[in-house]
Ligand code: SF4
């Protein structure tokens, strides 16, 4: 009987439930927005007034079990445990970089697949680099994830569980997670709906509570996804677009996805996005010595971006087994920046290299072996 466990003498008509609950199917509670959690409580006969407390336990206290939610009535905890799980991802391997700034987690999924998540410490802030897929279908030649190929999308709960995992580790240091970058394994816009729902959960003010501008989503240039972001006027998270080359032929040689979404089509989509949202895009450029790092390449970037509101993030190549390239030296990177700012007025940064010794840098995430 639906209302057998109804608490506080309140009943809630099942007809009003927005969430469709399939009897007996195990529910990962990290899949749910706060209003869906409220619906779930109703469906199991628990007073939805407990939603806020359960939500806080999940995302503030990072509780791993319902039993640990001591301020939630015991009957409600039992009802939750009988209907849902907390999809904590077990750590298979945890590795710290030599300088102590970076920690990489190899996390297990229920189907025996694995993903990597990275905790990065910068002065005054901690960032989680989060994966959106097992592997990636985009095949960027210099990227270890691309070299793995694509296995599957992550669910909302599997995406959400990653920053919660990082936050759980930070609690011991009395610190809070401040930023999330969707730059781990996978192409986030290939898994659009799950990633957008995860962002809604990250930015819920009473959970992880991240401001939208603390989140950056990086895409290789999935044009339909960029246009959809422009249309749907989502929360104002940052969008980063990986360019790496300023001509169609050069780009297609590094980024196979560019054969599907050509450079002119991509730049038109970026213009639409910036004009519709009023937001600047971060353009990412992996600096590969002798390949795309000359002043002439910088001029090509400047001409390509033209009057678009832009910042360029320069990322010296990180080594991977499957690509024989060398990172640009700092002097050449500085000259590249000089051209961008002095000849085109385009600001740029050179990304700090972190976690290279544990293969946790940009483009290095991969999973060696399944258990
Ligand atoms: S760089 Fe990003 S989009 Fe390209 S293969 Fe790697 S994970 Fe996929």
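Quick rundown of the values:
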read-out: The listed residue being at pLDDT 95 or above and in a strand (DSSP E or B), out of 284, 343; value: 284
read-out: Residue tally, condition under 13 Å from residue 80 (Cα atoms) and without any contact (Cβ under 8 Å) to a residue 24 or more places away in the chain, over the stretch 33-52; value: 4
read-out: Matching entry among 311, 337 (being away from the ligand (no atom under 16 Å from the Cβ), assigned to a strand (DSSP E or B) and over 19 Å from residue 147 (Cα atoms)); value: 311
read-out: Candidates 224, 188, filtered to the one that is closer than 29 Å to residue 299 by Cα, modelled with pLDDT of 95 or more and either away from the ligand (no atom under 12 Å from the Cβ) or in contact with a strand residue (DSSP E or B) (Cβ under 6 Å, 6 or more places away or on another chain) (or both); value: 224
read-out: Out of 151, 216, sole residue that is within 26 Å of residue 125 (Cβ to Cβ) and surrounded by 17 or more Cβ atoms within 10 Å (Cβ to Cβ); value: 216
read-out: Matching option when the condition is modelled with pLDDT under 95, within 16 Å of the ligand (Cβ to nearest atom) and not assigned by TED's automatic domain parsing to the domain that holds residue 109, among 365, 317; value: 365
read-out: Output for the stretch 103-127, where each listed residue is touching a strand residue (DSSP E or B) at 6+ places or on another chain (Cβ under 7 Å) and either in contact (Cβ under 8 Å) with a residue 60 or more places away in the chain or within 16 Å of the ligand (Cβ to nearest atom) (or both); value: 103, 104, 105, 106, 108, 113, 114, 115, 116, 117, 118, 120
read-out: Within the stretch 227-264, tally of residues that are part of a helix (DSSP H, G or I) and either within 12 Å of the ligand (Cβ to nearest atom) or closer than 30 Å to residue 323 by Cα (or both); value: 13
read-out: Residue among 216, 272 that alone is more than 20 Å from residue 139 (Cα to Cα), within 16 Å of the ligand (Cβ to nearest atom) and not in a loop (DSSP other than H, G, I, E, B); value: 216
read-out: Residue in the stretch 69-76 that is buried (at least 20 other Cβ atoms within 10 Å of the Cβ), at pLDDT 95 or above and assigned to a helix (DSSP H, G or I) present; value: yes
read-out: Leading residue by the ranking (surrounded by the fewest Cβ atoms within 10 Å (Cβ to Cβ)) among those in the stretch 191-212 that are within 16 Å of the ligand (Cβ to nearest atom) and farther than 21 Å from residue 277 by Cα; value: 194
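This table checks each residue for (1) at pLDDT 95 or above; (2) part of a loop (DSSP other than H, G, I, E, B); (3) over 21 Å from the mean Cα position of the chain (by Cα).
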residue: 2; (1), (2), (3): no, yes, yes
residue: 15; (1), (2), (3): no, no, yes
residue: 42; (1), (2), (3): yes, no, yes
residue: 80; (1), (2), (3): yes, no, yes
residue: 103; (1), (2), (3): yes, no, no
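The values are calculated or read from the model by the stated rules, or taken from the named source; none is laboratory data. Keep in mind that this is a model prediction, so the values were computed, not measured. Every residue, glycine among them, receives a Cβ derived from its backbone with ideal geometry; neighbour counts consider all protein chains shown.
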